[in-house]
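Trainee: Can you read through this structure? Questions will come right after.
Derivation of every value follows stated rules applied to the coordinates shown; laboratory data play no part. Treat the numbers as computed from the prediction; the structure is a model and nothing was measured. Every residue, glycine among them, receives a Cβ derived from its backbone with ideal geometry; neighbour counts consider all protein chains shown.
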Amino acid sequence: MDGAPALRGELAALAAAFLWAVGSVIWSLVGRRIVPLELNLIKIAIAMVLLVPTLWLGGVGLAVDRPEAVVLLLASGVVGIGLADTFFLEALKQLGARRALMLRTLDPPFAALLALFFLGEALGFWAWGGVVLTVLGVAWVIGERTATRLPVTEPSAVVFRRWGVICGVLGALGQAAGAVLARQALVETEITPAWSTLLRLGGGLAVVLVWVGLKRQPLGRWLEQPPVEDGWSLGQLLGAISFAAFTATFLGIWLQQTALKFTAAGIAQTLCATSPLFVLPFAAWMGEKIGYRAILGVLVSLGGVALLIGQR
């Protein structure tokens, strides 16, 4: 690939990061009413309902010259969507957005290392430099305004925080493993990103349904609850969930699969991990003061992104 088409993977990853930023703002609000496991189930189901008719209307068939690729994509959905997203939503609930997103900066190095060991996909010196710069910039942005700490004098608070950190790390590792599995399937076959998305969502849905059954998680209780401090009516809540599922899950995962098909797993996950940078305008719009540290972190990350794209 030469010229602009060679950047389609990188551009798709940045677009996915933007949509995930939009979704994260909504999920953090919706998560006050709905438990993480059920919320993940809802967003996966909505995305699949949207994707199936999209594939049918587009007349896109499933080209499978290697059946094992389907197994890889289903497994990718199990770990990267079913498990990882549920763990991340739990970390988001327990640690708050900034601390949870800080742990998501582990995605790119995890993905790059897994791709190196299992796919033999080595990044060059300057590409690694871009990964490091991007991750550092994102971490710096997220780390701003975190002076408030959870109490550590009470045993229950320590356990609470520790479980949130464990969930965040497991979410990052699951995302990276899912990306590498999907990358292997996509580069070795003619499966399109759209079908890859559907297969991954199917794997994620299956494991979440099993998890719900084993946990005996009651579903739908939030439908009967009165509005809480957010003041949202049931209609507004359903609208927010549907919009976030469409943008962040349906389109976001589709774009991520496009990125994984056309660029290295480490680079794709690094660019997808820039979501916190796109959150800043929303935070400013909602009245949060954006300090110099956040602005500097954005500039550092943009330098890393430029370095990554410049290697293509």
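Trainee: I need Thr249, Thr105 ordered by Cβ neighbour count within 10 Å, fewest first.
Mentor: Taking fewest neighbouring Cβ atoms as first place, the list is Thr105, Thr249.
Trainee: Still on this structure, I have one more. Under 22 Å from the Cα of Lys93, which lysines turn up, not counting those fewer than eight places away in the same chain?
Mentor: Lys43, Lys215
Trainee: Quick one: net charge around Gln175, please, counting Lys, Arg +1 and Asp, Glu -1 for every other residue with C-beta under 13 Å from its C-beta.
Mentor: Summing Lys/Arg as +1 and Asp/Glu as -1 gives +1.
Trainee: Something else about it: Taking a label point 7 Å from the Cα of Ser28 along the Cα→Cβ vector, which residues of region 87-110 have an amide N closer than 20 Å to it?
Mentor: 87-108
Trainee: Which order do Ile34, Ile267 fall in if you start with the one that has the fewest other Cβ atoms within 10 Å?
Mentor: Ile34, Ile267
Trainee: Ok, one more. Residues with beta-carbon under 12 Å from that of Gly82, excluding Gly82: net charge, scoring Lys, Arg +1 and Asp, Glu -1?
Mentor: +1
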